[in-house]
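Q: Submitted below is the structure of interest, expressed as structure tokens.
The values are calculated or read from the model by the stated rules, or taken from the named source; none is laboratory data. As the structure is a computational prediction, the values presented were derived from the model and not from experiment. Cβ: placed from backbone, ideal geometry, glycine included. Neighbour counts: every protein chain shown.
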Amino acid sequence: MKTVTIADMTEILEELAPARLAETWDNSGLQIGRKEWPVRKVWVALDPLPEVVSAACDRRIDLLVTHHPLIFKPLKSINFASPVGRTILLSARNSLSVYAAHTNLDSVAGGINDRLVSVIGLTEVSVLGEESAPGSGEGLGRVGRLSDRISLSELVSIIKQRMNLEWVKWSGDPDMPVTHAAVCSGSGGGMMDFFYASGAQVFITGDLKYHEARDAQARGLGLIDIGHFGSEHLITRVLTDRLREKIAEKGFPVTVEACDLERDPFNFL
């Protein structure tokens with residue numbers, strides 16, 4: 001029976017989220033590990049948190065696939081007392097490889113943003129930002145049409161219910177009619193100009209700021225901030241299922257599970 005390696009799993013992950021789609025400032029790909037290391041058990045998580053990595057080591061996981069990179073900015077030193085340093089040390093001691101599929105998973109067709117529009121119920125979907133190639137359906141964010149014309153407050157309630165969110169922060173006229181919506185997973189503040197040019201009445205994303213809300217309000221538009229975690233945590237199940245499908249196609253003796261430990265770091269009274 002073939003020994004599946006990190007290199008084999010990297011090839012599968014590249015098929016699901018090609019590295020060419022990652023933003024230039026990003027650090028997707030293999031964060032820790034060796035391509036020759038064997039893989040029998042894979043775990044999928046949103047963040048490489050110390051508690052997630054510790055649990056992965058306890059469960060004898062060989063490869064932890066996360067959305068957010070463990071190493072985002074270049075490290076000048078590795079302090080084992082810091083969260084990142086402890087995570088690197090623990091991973092190395094337990095031969096746990098860590099791989100990140102970040103902005104490439106945001107941009108790819110069938111990735112996080114397409115999953116978001118599916119849950120929200122948008123049709124006639126196109127890329128919100130710049131497409132990687134004409135007609136590819138690849139790029140940051142999405143914009144699409146709602147099946148019915150509804151009010152902004154009704155859309156807020158639908159999103160909260162469908163995404164099982166405890167809270168939603170939003171701005172705009174609650175009675176404003178909405179027919180088209182733009183979405184961007186993660187922190188979408190940098191996509192505001194694309195939203196304004198899209199023709200959508202509302203922008204659904206995470207980590208929006210006060211002045212962005214004021215600007216949209218002045219333009220008669222709406223914003224729905226579902227939080228960074230809220231906009232991305234759903235990808236763990238999706239990526240788990242897609243990895244299982246690819247592994248089954250290749251006949252690899254590898255199991256894949258979604259991490260069930262993560263929670264939104266913010267609490268609201």
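Q: Identify all residues within segment 182-200 that are part of a loop (DSSP other than H, G, I, E, B) and under 18 Å from the mean Cα position of the chain (by Cα); write none if there are none.
A: Result: 188, single match.
Q: Follow-up question, since we're still on this one. Go through segment 120-137 residue by residue and tally those that are hydrophobic (A, V, I, L, M, F, W, C) and either under 18 Å from residue 20 (Cα atoms) or exposed (fewer than 15 other Cβ atoms within 10 Å of the Cβ) (or both).
A: Going through segment 120-137 one residue at a time, the tally reaches 2.
Q: Working only within segment 146-181, note down all residues that are buried (at least 17 other Cβ atoms within 10 Å of the Cβ) and part of a strand (DSSP E or B).
A: Hits for segment 146-181 are 146, 170, 171, 178, 181.
Q: Select from segment 230-269 the residues that are crowded, with 18+ Cβ neighbours inside 10 Å and under 18 Å from residue 187 (Cα atoms) and list them in ascending order.
A: 230, 231, 232, 233, 234, 235, 236
Q: Then there is this: For segment 147-162, which positions are of a type outside the set (Gly, Ala, Ser) and within 25 Å of the chain's Cα centre (by Cα)?
A: Restricting attention to segment 147-162, the residues satisfying the condition of being of a type outside the set (Gly, Ala, Ser) are 148-150, 152, 154-156, 158-162.
Result: 152, 155, 156, 158, 159, 160, 161, 162.
Q: On the given criteria, is residue 125 part of a helix (DSSP H, G or I) and either among the β-branched types (Val, Ile, Thr) or closer than 23 Å to residue 26 by Cα (or both)? Before the answer, list the steps.
A: Working: part of a helix (DSSP H, G or I): no; either among the β-branched types (Val, Ile, Thr) or closer than 23 Å to residue 26 by Cα (or both): yes.
It is false that residue 125 is part of a helix (DSSP H, G or I) and either among the β-branched types (Val, Ile, Thr) or closer than 23 Å to residue 26 by Cα (or both).
Q: Moving on. Would you check if residue 88 is in the same structural domain as residue 241 (by TED's automatic domain parsing), surrounded by 22 or more Cβ atoms within 10 Å (Cβ to Cβ) and either at pLDDT below 95 or not charged (D, E, K, R) (or both)?
A: Judged against the criteria, residue 88 is a match.
Q: Please indicate, with yes or no, whether at least one residue in segment 76-88 is among the hydroxyl-bearing types (Ser, Thr, Tyr), in contact (Cβ under 8 Å) with a residue 12 or more places away in the chain and assigned to a strand (DSSP E or B).
A: no
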